[in-house]
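The values are calculated or read from the model by the stated rules, or taken from the named source; none is laboratory data. Quick caveat: nothing in here was measured; it's all calculated off a predicted structure. Note: ideal-geometry Cβ built from the backbone for every residue, glycine included; neighbour counts use all protein chains shown.
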Amino acid sequence: MSTNEMIPISQNVLQVQGVLDFFAILLGVIAIYSLIRLNKKLGGKLSSAVKFFNLGMTANVLAIVWSTFFGHMYNVTGQTFDIHHFLMTVGMILFIISTRKLSGLVAS
């Protein structure tokens, strides 16, 4: 079962959503590449925080890619999982870890 089966959406909305998803994926890939290049110049604790932030960004881009090409739902042995929300949750956790590591640099 995909999102399109669960919620009927008009064809015009799908075309606009596809364009927005394409740009979100493109911008996300550019941001990930930029963070990788930046992180090569950094060191220590700041580098660790940027790595977690980049992993969170990657999880969010993967969530958009997954939902664009496969929909939200995925069935495994009779169990239905919402992969998009799973990846977004993982991304949020990684962003929180990144924030904690950055706050450790500011507050001694």
Looking at residue 81 and the list (1) in contact (Cβ under 8 Å) with a residue 40 or more places away in the chain; (2) touching a strand residue (DSSP E or B) at 6+ places or on another chain (Cβ under 6 Å), which single condition is not satisfied?
(1)
Test of understanding: among 9, 36, which residue is β-branched (Val, Ile, Thr), at pLDDT below 95 and assigned to a loop (DSSP other than H, G, I, E, B)?
9
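Evaluate the following for residue 61: is it closer than 18 Å to residue 18 by Cα, out of contact with any Cys (no Cβ under 7 Å at 6 or more places or on another chain), crowded, with 17+ Cβ neighbours inside 10 Å and not charged (D, E, K, R)? So that I can check it myself, show each step before the final result.
On the way: closer than 18 Å to residue 18 by Cα: yes; out of contact with any Cys (no Cβ under 7 Å at 6 or more places or on another chain): yes; crowded, with 17+ Cβ neighbours inside 10 Å: yes; not charged (D, E, K, R): yes.
Judged against the criteria, residue 61 is a match.
Checking the condition aromatic (Phe, Trp, Tyr) and in contact (Cβ under 8 Å) with a residue 24 or more places away in the chain, which residue from 86, 69, 52 passes? Don't jump to the end; show me each part of the working.
Working: 86 fails: in contact (Cβ under 8 Å) with a residue 24 or more places away in the chain; 69 fails: in contact (Cβ under 8 Å) with a residue 24 or more places away in the chain.
None of the other options fit; the residue is 52.
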Please go through region 24-48 and pick out each residue that is without any contact (Cβ under 8 Å) to a residue 24 or more places away in the chain, among the hydroxyl-bearing types (Ser, Thr, Tyr) and surrounded by 14 or more Cβ atoms within 10 Å (Cβ to Cβ).
47
